[in-house]
1. Any residue at all in segment 153-162 that's closer than 24 Å to W33 by Cα, at pLDDT 90 or above, among the hydroxyl-bearing types (S, T, Y) and out of contact with any Pro (no Cβ under 8 Å at 6 or more places or on another chain)?
2. Is it true that some residue in segment 4-27 is modelled with pLDDT under 95, farther than 19 Å from A142 by Cα, among the charged types (D, E, K, R) and not in a helix (DSSP H, G or I)?
3. Wholly within segment 36-154, which helices (runs of 4 or more DSSP H) include no fewer than the required count, namely at least 2 residues that are open to solvent by 40 Å² or more (accessible area, probe 1.4 Å) and hydroxyl-bearing (S, T, Y)?
Amino acid sequence: VVQLSRSLDKQHIQLLWTYFQPIGPPLLLLWLWSITVAHFEKQQIPFDVCFPEKERKLLAASKDLFAAARAYSCAVVGGLALCAWLCTTGSSLTPLLVPPVLYGTMAALTVMPVDVLRLQSRRFFVRTLCKVLVPVQQVGWADFLLADMLTSLAKSSSDMSRSMCLMVHGEQLKWRLSLCLVCCVALIAAKGGGPTQAFAMALDAALDPVLHSRPPIEWLLRYKR
């Protein structure tokens with residue numbers, strides 16, 4: 001990443017900073033919490049007594065926290081390296097596809113209903129986060145602790161909201177529209193001509209230069225005819 005960044009211009013550096021800088025502090029917070037829990041366990045400090053009895057079994061051990069921190073770190077560093085490499089290729093739109101995929105991957109890792117990275121602890125975290133964001137229930141110790149941590153991430157939360165707004169209203173919107181239309185064309189072709197024709201028409205649709213110059217309905221009806 002460092003070597004790639006030396007060959008990037010200021011615009012690409014700003015792009016990487018805008019989308020990846022907000023993820024750094026929350027990721028650092030996860031690592032610090034993992035180290036803190038590992039220290040409590042080493043010193044045999046029963047920190048879980050602060051939580052209600054029914055929530056103690058939902059707390060993740062230090063090894064599970066470190067595993068989650070490594071998984072998220074690999075996703076972020078890999079996405080950063082991929083986006084930086086795509087910036088060096090000269091493409092203006094392709095690098096913009098990496099941040100939405102990265103954010104979606106991290107969200108999927110958090111909520112996926114698969115028993116990896118301690119499923120019950122991830123569900124407990126998501127429930128606590130929802131209670132913090134929508135405080136209409138009784139506040140518990142876990143809610144207070146997470147809200148206090150999120151307060152320390154006020155700047156990162158603001159930057160992340162700006163990044164997500166850019167994803168929704170930026171150039172990625174055209175690519176999402178393109179992908180949706182390509183899938184529709186493939187489905188239409190598959191119903192009448194089989195997978196080979198579907199692939200050929202989908203490829204033609206993906207490369208169609210009039211995609212952004214015509215209304216989506218007109219473009220889709222053209223291929224349907």
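1. No, that holds for no residue.
2. yes
3. Filter on segment 36-154 gives 141-152.
The values are calculated or read from the model by the stated rules, or taken from the named source; none is laboratory data. Predicted model, so just to flag it, every value in this text is computed and none were measured. Every residue, glycine as well, gets a Cβ built from its backbone with ideal geometry; the counts of neighbours run over all protein chains shown. Please note that ligands, DNA and RNA were not included when accessible areas were found on the heavy atoms of the full protein model with its side chains. Shrake-Rupley method; radii C 1.70, N 1.55, O 1.52, S 1.80 Å.
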